[in-house]
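Read the structure below first, then the notes.
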Amino acid sequence: MDHNPLPFITTKRLAVKLKPAAEKMVKKHHPWVFEDSILKQNLEGTAGDLVIIFDNAKNNFLACGLYDPYSPIRIKLIQFKKAAQINEAWFKEKIFQAYELRKPLLLTDTNSYRLLFGENDHLPGLIADVYDNVLVIKLYSHIWFPYFNWILKHLIAITGVTTVVLRLSRLLQTKGDVYGLKDGQIVYGELKDEVVVFREHGVLFSANVIKGHKTGYFLDHRHNRKMVGELASGKTVLDVFSYAGGFSVHALTGGAREVVSLDISKHALDMAKSNAALNPHKGTHEVLVADAFKGLQSLIDAQKLFDIVVIDPPSFAKRESEIEKAKNSYARLSKLGAQLVAQNGILVLASCSSRVLADEFFSISEKNIMDTGRAFEVIQKTAHDVDHPIGFKEGAYLKCGYYQL
């Protein structure tokens with residue numbers, strides 16, 4: 001199959017100067033320039049045009065990026081400090097650097113990983129995840145269409161995948177030109193089954209690469225799932241917001257006696273059951289379809305206790321206005337969770353809201369465990385796995401605390 005699903009798209013070069021506060025952020029290598037930070041711009045921009053940012057004092061090169069007319073983040077920066085030709089060789093080098101970072105993970109019994117993590121790999125709004133021999137590219141911005149053929153070619157070359165699936169964000173599906181591309185389109189090779197089975201530290205999972213959330217699965221918690229699996233031998237485990245059973249399946253494979261997966265979505269719990277069935281295990285696996293808060297309360301009312309309770313909610317603060325509500329939700333969850341942990345058991349609390357900082361999250365969690373009258377010891381606190389590097393402040397979203405009660 002042809003490596004070039006897109007026609008040649010011409011781009012222009014724009015020269016831009018920024019307001020002082022924004023210029024300061026660029027000097028700190030922050031990858032976002034908002035629309036209202038632009039002081040001067042020599043031409044009208046279209047998606048993917050190359051933007052050169054010059055400093056106000058001496059007209060020196062500061063950074064270059066790509067122009068996005070459909071986003072309040074008007075310029076997404078990809079190169080800082082020293083000028084470079086943004087050509088095929090540049091993209092090849094960026095993809096190579098990203099792959100080198102992930103090599104330690106690929107030495108483990110794992111064939112699923114995030115190869116490109118947007119801004120954190122100098123490619124804002126571009127995600128590339130590998131599941132066995134299938135690569136899923138998810139685009140969140142129109143800026144990538146002019147460069148897509150180059151990116152695709154070098155991703156295939158470095159990963160050796162046989163199939164590439166393209167996923168498009170909602171914004172891309174509703175605004176601007178997508179050049180005839182569709183969400184879920186196979187842009188290279190062929191896909192025998194939209195459900196792809198892959199390995200994570202020796203444990204089998206499946207991802208629906210056409211219809212699943214994001215690219216089909218959440219790879220960022222891999223290290224934490226492995227940890228829970230290692231702690232679970234002979235234990236009873238409750239996995240709240242279990243989705244497709246990531247923590248549940250690692251716990252079962254690690255020898256848990258009993259695992260309960262709780263989620264509001266019956267469909268997600270069906271996936272959890274089929275993921276558990278991919279792996280040999282002796283423990284029992286029950287599913288509970290319920291709203292997390294109500295489900296936790298009903299387990300407390302039934303006086304249930306578990307050796308390990310894992311609470312890993314989706315992002316509660318997608319926007320600034322939701323931060324306070326998110327903090328309240330984290331407080332309630334840690335309080336509910338603490339009441340379900342057996343003596344000397346472990347409570348695992350996680351957050352993927354980048355707007356709630358790690359220190360705040362841990363301090364909310366710890367205060368509310370104490371409010372239930374339980375003493376605790378911090379076993380450890382973790383952040384991102386190796387394939388989710390942190391390149392700037394907003395890129396750090398995942399935090400996870402392990403508390404022995």
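The values are calculated or read from the model by the stated rules, or taken from the named source; none is laboratory data. Owing to the predicted nature of the structure, the values given are computational and were not obtained by experimental measurement. Reconstructed Cβ throughout: ideal geometry from the backbone, glycine too, with neighbour counts over all protein chains shown. Accessible surface areas use protein heavy atoms only, side chains included; no ligands, DNA or RNA. Shrake-Rupley method; radii C 1.70, N 1.55, O 1.52, S 1.80 Å.
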Once the Cα gyration tensor of the range 206-263 is diagonalised, semi-axes √(5λ) in Å: 22, 12, 8
Considering only protein heavy atoms, what is the solvent-accessible area of M25 at a probe of 1.4 Å, reported in Å² to the nearest 10? 80 Å²
Summing Lys, Arg as +1 and Asp, Glu as -1, what charge do residues with Cβ under 9 Å from the Cβ of V341 carry, V341 excluded? 0
Can you tally the net charge around G184? Count Lys and Arg as +1, Asp and Glu as -1, for every other residue whose Cβ sits under 10 Å from the Cβ of G184. +1
Could you name the lysines in cross-link range of K294, using Cα to Cα under 16 Å and dropping any fewer than eight places away on the same chain? K266, K304, K335
Pairs of alpha-carbon atoms within less than 8 angstrom and 6+ residues apart define the contacts here; what relative contact order does the range 83-154 have, in percent? 27 percent
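How much of the calculated P(r) for the range 20-69 lies past 11 Å, in percent of all Cα pairs?
71 percent
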If you count, for each residue, the other Cβ atoms within 10 Å and average over each peptide, how do 245-258, 131-144 line up from highest to lowest? 245-258, 131-144
Can you tell me which lysines have their Cα less than 21 Å from the Cα of K17? Leave out same-chain residues fewer than eight positions away. K27, K28, K40, K58, K76, K81, K82
As a test of the definition: which semi-axes, in Å, follow for the range 4-152 when you take the square root of five times each eigenvalue of its alpha carbon gyration tensor? Largest first, please. 29, 17, 13
Counting only Cα atoms, I'd like the Rg/Rh figure for the range 249-398, Kirkwood definition for Rh. 0.96
Run through every distinct alpha carbon pair of the chain and return the Kirkwood hydrodynamic radius in angstroms, one decimal place. 22.7 Å
Probe radius 1.4 Å, ligands and nucleic acids ignored: give me the carbon and sulfur share of the accessible area of the chain as a rounded percent. 53 percent
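Ordering T159, T46 by accessible area with a probe of 1.4 Å, largest first, what comes out?
Ranking T159, T46 by accessible area, largest first, yields T46, T159.
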What relative contact order, as a whole-number percentage, does the chain give when Cα pairs under 8 Å and 6 or more residues apart are counted? 11 percent
Amide H within-cut-off set for Q79, under 5 Å, with H built and near neighbours excluded: C64
Note down the accessible area of C352, probe 1.4 Å, to the nearest 10 Å². 40 Å²
Just the number: Rg to Rh for the range 73-129, Cα atoms, Kirkwood Rh, two decimals. 1.03
Mind giving me the nanometre distance, one decimal, between the label points for K282 and I390, set 7 Å out from Cα along Cα→Cβ? 4.0 nm
Accessible area per residue in Å² at 1.4 Å probe, computed on the chain: 45 Å²
